[in-house]
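Here the structure is laid out as C-alpha coordinates; the discussion comes afterwards.
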Amino acid sequence: MKKSDRTREFILSRCAPVFNQKGYVGTSLADLELATGLTKGCIYGLFQTKESLAVECFEYARALIHERMDCEARDKCNSIDKLRAIFDMWRTFPDYWPIKGGCPILNTSIEADDTNPLLQARVVKALETWRRFFSSIITKGIRSGEIRPDANPHVIATLFIALLEGATMMSKAYNDSASLGIVLDKIDEMIHQIKKQ
(Lines give C-alpha, C1' and ligand atoms only; values in the text may rest on other atoms or scores of the structure.)
Protein backbone atom coordinates (compact mmCIF):
# COMPACT_ATOMS: atom_id res chain seq x y z
CA MET A 1 0.00 0.00 0.00
CA LYS A 2 1.35 3.42 -1.00
CA LYS A 3 1.96 6.08 1.65
CA SER A 4 -0.85 8.24 0.22
CA ASP A 5 -3.26 5.30 0.47
CA ARG A 6 -2.24 4.65 4.07
CA THR A 7 -2.71 8.34 4.89
CA ARG A 8 -6.11 8.34 3.18
CA GLU A 9 -7.20 5.29 5.21
CA PHE A 10 -5.92 6.93 8.40
CA ILE A 11 -7.89 10.12 7.69
CA LEU A 12 -11.08 8.15 7.03
CA SER A 13 -10.68 6.11 10.22
CA ARG A 14 -10.20 9.28 12.30
CA CYS A 15 -12.71 11.56 10.58
CA ALA A 16 -15.61 9.11 10.07
CA PRO A 17 -16.46 9.03 13.81
CA VAL A 18 -16.36 12.84 13.93
CA PHE A 19 -18.83 13.22 11.05
CA ASN A 20 -20.96 10.41 12.50
CA GLN A 21 -21.23 12.17 15.87
CA LYS A 22 -21.31 15.84 14.85
CA GLY A 23 -22.84 15.64 11.38
CA TYR A 24 -21.68 17.36 8.21
CA VAL A 25 -22.71 20.87 9.25
CA GLY A 26 -21.48 20.49 12.84
CA THR A 27 -18.02 19.24 11.85
CA SER A 28 -15.43 21.99 11.47
CA LEU A 29 -12.03 21.89 9.86
CA ALA A 30 -10.56 22.31 13.36
CA ASP A 31 -12.40 19.11 14.40
CA LEU A 32 -10.86 17.23 11.48
CA GLU A 33 -7.36 18.59 12.17
CA LEU A 34 -7.70 17.66 15.85
CA ALA A 35 -8.92 14.13 15.04
CA THR A 36 -6.10 13.43 12.59
CA GLY A 37 -3.26 15.60 13.85
CA LEU A 38 -2.86 16.69 10.21
CA THR A 39 -3.05 20.09 8.57
CA LYS A 40 -5.82 21.37 6.33
CA GLY A 41 -3.44 21.14 3.36
CA CYS A 42 -2.71 17.47 4.01
CA ILE A 43 -6.39 16.56 4.50
CA TYR A 44 -7.69 18.51 1.51
CA GLY A 45 -4.72 17.46 -0.58
CA LEU A 46 -6.23 13.97 -0.56
CA PHE A 47 -9.96 14.78 -0.42
CA GLN A 48 -10.27 18.21 -2.09
CA THR A 49 -13.44 19.34 -0.23
CA LYS A 50 -15.18 18.82 3.08
CA GLU A 51 -18.15 17.31 1.23
CA SER A 52 -16.05 14.74 -0.64
CA LEU A 53 -14.39 13.77 2.67
CA ALA A 54 -17.81 13.49 4.36
CA VAL A 55 -19.09 11.23 1.57
CA GLU A 56 -16.08 8.93 1.79
CA CYS A 57 -16.31 8.90 5.60
CA PHE A 58 -19.97 7.85 5.30
CA GLU A 59 -19.00 5.04 2.92
CA TYR A 60 -16.21 3.97 5.27
CA ALA A 61 -18.58 3.89 8.28
CA ARG A 62 -21.36 2.13 6.36
CA ALA A 63 -18.93 -0.52 5.13
CA LEU A 64 -17.81 -1.30 8.70
CA ILE A 65 -21.38 -2.23 9.67
CA HIS A 66 -22.08 -4.14 6.47
CA GLU A 67 -18.83 -6.10 6.85
CA ARG A 68 -19.86 -7.10 10.39
CA MET A 69 -23.25 -8.34 9.12
CA ASP A 70 -21.66 -10.15 6.18
CA CYS A 71 -19.10 -11.81 8.46
CA GLU A 72 -21.85 -13.07 10.79
CA ALA A 73 -23.87 -14.43 7.85
CA ARG A 74 -20.88 -16.03 6.11
CA ASP A 75 -20.18 -18.30 9.06
CA LYS A 76 -23.62 -19.93 8.87
CA CYS A 77 -24.76 -22.66 6.48
CA ASN A 78 -28.45 -21.88 6.01
CA SER A 79 -30.56 -18.77 5.55
CA ILE A 80 -32.48 -18.93 8.84
CA ASP A 81 -29.22 -19.24 10.80
CA LYS A 82 -27.70 -16.39 8.77
CA LEU A 83 -30.61 -14.08 9.64
CA ARG A 84 -30.55 -15.06 13.32
CA ALA A 85 -26.77 -14.50 13.52
CA ILE A 86 -27.06 -11.03 11.99
CA PHE A 87 -29.78 -9.94 14.40
CA ASP A 88 -28.00 -11.51 17.39
CA MET A 89 -25.04 -9.30 16.46
CA TRP A 90 -27.34 -6.25 16.65
CA ARG A 91 -28.04 -7.16 20.28
CA THR A 92 -24.48 -6.00 21.07
CA PHE A 93 -25.38 -2.49 19.91
CA PRO A 94 -25.43 0.33 20.92
CA ASP A 95 -22.52 -0.55 23.22
CA TYR A 96 -20.34 -2.07 20.49
CA TRP A 97 -21.00 -0.05 17.35
CA PRO A 98 -18.18 -0.51 14.84
CA ILE A 99 -18.01 3.29 14.67
CA LYS A 100 -18.52 5.83 17.42
CA GLY A 101 -21.79 7.72 17.26
CA GLY A 102 -24.17 4.94 16.23
CA CYS A 103 -25.65 4.02 12.88
CA PRO A 104 -24.20 6.23 10.11
CA ILE A 105 -27.14 5.50 7.82
CA LEU A 106 -29.63 6.79 10.40
CA ASN A 107 -27.47 9.75 11.44
CA THR A 108 -26.71 10.88 7.89
CA SER A 109 -30.26 10.37 6.65
CA ILE A 110 -31.69 12.65 9.33
CA GLU A 111 -29.14 15.40 8.72
CA ALA A 112 -28.85 15.20 4.92
CA ASP A 113 -32.58 15.03 4.16
CA ASP A 114 -33.40 18.18 2.10
CA THR A 115 -29.99 19.72 2.89
CA ASN A 116 -27.32 17.65 1.15
CA PRO A 117 -28.46 15.75 -1.95
CA LEU A 118 -25.09 14.04 -2.44
CA LEU A 119 -25.02 12.55 1.05
CA GLN A 120 -28.73 11.70 0.89
CA ALA A 121 -28.16 9.80 -2.37
CA ARG A 122 -25.44 7.76 -0.60
CA VAL A 123 -27.91 6.97 2.20
CA VAL A 124 -30.44 5.67 -0.34
CA LYS A 125 -27.75 3.59 -2.04
CA ALA A 126 -26.71 2.15 1.35
CA LEU A 127 -30.32 1.24 2.19
CA GLU A 128 -30.73 -0.47 -1.19
CA THR A 129 -27.52 -2.43 -0.64
CA TRP A 130 -28.80 -3.49 2.76
CA ARG A 131 -32.21 -4.44 1.37
CA ARG A 132 -30.62 -6.53 -1.40
CA PHE A 133 -28.44 -8.24 1.20
CA PHE A 134 -31.41 -9.36 3.30
CA SER A 135 -33.53 -10.15 0.22
CA SER A 136 -30.78 -12.37 -1.16
CA ILE A 137 -30.57 -14.40 2.05
CA ILE A 138 -34.36 -14.83 2.11
CA THR A 139 -34.53 -15.74 -1.60
CA LYS A 140 -31.84 -18.40 -1.13
CA GLY A 141 -33.81 -19.75 1.82
CA ILE A 142 -36.94 -20.04 -0.33
CA ARG A 143 -35.00 -21.84 -3.07
CA SER A 144 -33.46 -24.29 -0.58
CA GLY A 145 -36.82 -25.03 1.02
CA GLU A 146 -36.01 -23.49 4.42
CA ILE A 147 -38.27 -20.48 4.04
CA ARG A 148 -41.92 -20.53 3.07
CA PRO A 149 -42.42 -19.97 -0.68
CA ASP A 150 -45.05 -17.26 -0.04
CA ALA A 151 -42.54 -15.11 1.88
CA ASN A 152 -41.86 -11.84 0.03
CA PRO A 153 -38.09 -11.09 0.28
CA HIS A 154 -38.45 -7.39 -0.65
CA VAL A 155 -41.21 -6.75 1.90
CA ILE A 156 -39.51 -8.69 4.69
CA ALA A 157 -36.14 -7.00 4.05
CA THR A 158 -37.85 -3.59 4.11
CA LEU A 159 -39.52 -4.40 7.43
CA PHE A 160 -36.25 -5.62 8.93
CA ILE A 161 -34.49 -2.37 8.02
CA ALA A 162 -37.36 -0.11 9.13
CA LEU A 163 -37.65 -1.92 12.45
CA LEU A 164 -33.90 -1.85 13.09
CA GLU A 165 -33.46 1.80 12.21
CA GLY A 166 -36.52 2.85 14.22
CA ALA A 167 -35.33 0.88 17.24
CA THR A 168 -31.82 2.30 16.86
CA MET A 169 -33.24 5.83 16.87
CA MET A 170 -35.35 5.11 19.97
CA SER A 171 -32.45 3.47 21.79
CA LYS A 172 -30.29 6.48 21.05
CA ALA A 173 -33.00 8.93 22.19
CA TYR A 174 -33.68 7.04 25.44
CA ASN A 175 -30.00 6.17 25.89
CA ASP A 176 -30.76 2.50 26.56
CA SER A 177 -31.17 -0.65 24.52
CA ALA A 178 -34.70 -1.60 25.67
CA SER A 179 -36.38 -0.55 22.42
CA LEU A 180 -33.78 -2.38 20.36
CA GLY A 181 -34.33 -5.52 22.44
CA ILE A 182 -38.11 -5.37 21.90
CA VAL A 183 -37.67 -5.00 18.14
CA LEU A 184 -35.07 -7.76 17.89
CA ASP A 185 -37.43 -10.09 19.75
CA LYS A 186 -40.14 -9.20 17.22
CA ILE A 187 -37.73 -9.86 14.33
CA ASP A 188 -36.97 -13.28 15.87
CA GLU A 189 -40.72 -13.98 15.75
CA MET A 190 -40.83 -12.88 12.11
CA ILE A 191 -37.95 -15.22 11.23
CA HIS A 192 -39.75 -18.08 12.97
CA GLN A 193 -42.96 -17.27 11.04
CA ILE A 194 -41.27 -17.36 7.63
CA LYS A 195 -39.44 -20.60 8.40
CA LYS A 196 -40.94 -23.51 6.50
CA GLN A 197 -42.44 -25.91 9.06
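With percent of Cα pairs over 31 Å apart defined as stated, name the option among [x] 25; [y] 17; [z] 22 computed from the structure displayed. Answer by label: [x]. For segment 32-135, trypsin sites (Lys or Arg not before Pro) meeting the loop criterion (DSSP other than H, G, I, E, B) and having at most 15 other Cβ atoms within 10 Å: K76, R91, K100. Between K2 and C77, the simple label model (points 7 Å from Cα in the Cβ direction) yields a spacing of 4.6 nm.
Here is the link list: K140/K196; K40/K125; K125/K186; K3/K40; K22/K172; K140/K172. Which ones come out longer than 22 Å on Cα distance?
Beyond 22 Å: K40/K125; K125/K186; K140/K172.
Per residue, the convex hull spanned by the Cα atoms of segment 26-72 measures out at 88 cubic angstrom. Helical runs (DSSP H, four residues minimum) scored at -39500 (n - 2.57) apiece and divided by the length of the chain put the mean residue ellipticity at 222 nm at -26000 deg cm²/dmol.
Treating r as the C-beta distance of N152 and K195 and R0 as 22 Å, the FRET efficiency rounds to 0.90. Under 5 Å from the amide H of I147 lie the amide H atoms of I142, K196, each residue being 5 or more positions distant or on a separate chain, with H modelled from the backbone and absent for Pro and chain starts. Counting only alpha carbon atoms, the long axis of helix 50-74 and the longest principal axis of the chain meet at about 30°.
Average accessible surface for segment 40-194: 51 Å² per residue, computed with a 1.4 Å probe over protein heavy atoms with every protein chain in place. Relative to the longest principal axis of the chain, what angle (0 to 90°, nearest 10) does the C-alpha long axis of helix 3-26 take? It works out to around 80 degrees. If you take the square roots of the eigenvalues of the alpha-carbon gyration tensor of segment 82-197 and sort them as a ≥ b ≥ c, do you get rounded (a/c under 1.5), prolate (a/b over b/c) or oblate? Taking the square roots of the gyration eigenvalues as a ≥ b ≥ c, segment 82-197 is oblate.
Helix 79-90 and the longest principal axis of the C-alpha atoms of the chain enclose an angle of approximately 40°.
The values are calculated or read from the model by the stated rules, or taken from the named source; none is laboratory data. If you're wondering where the values come from, they're calculated on a predicted model, not measured in any experiment. Every residue, glycine as well, gets a Cβ built from its backbone with ideal geometry; the counts of neighbours run over all protein chains shown. Calculation scope for accessible area: heavy atoms of the full protein, side chains included, ligands and nucleic acids excluded. Shrake-Rupley method; radii C 1.70, N 1.55, O 1.52, S 1.80 Å.
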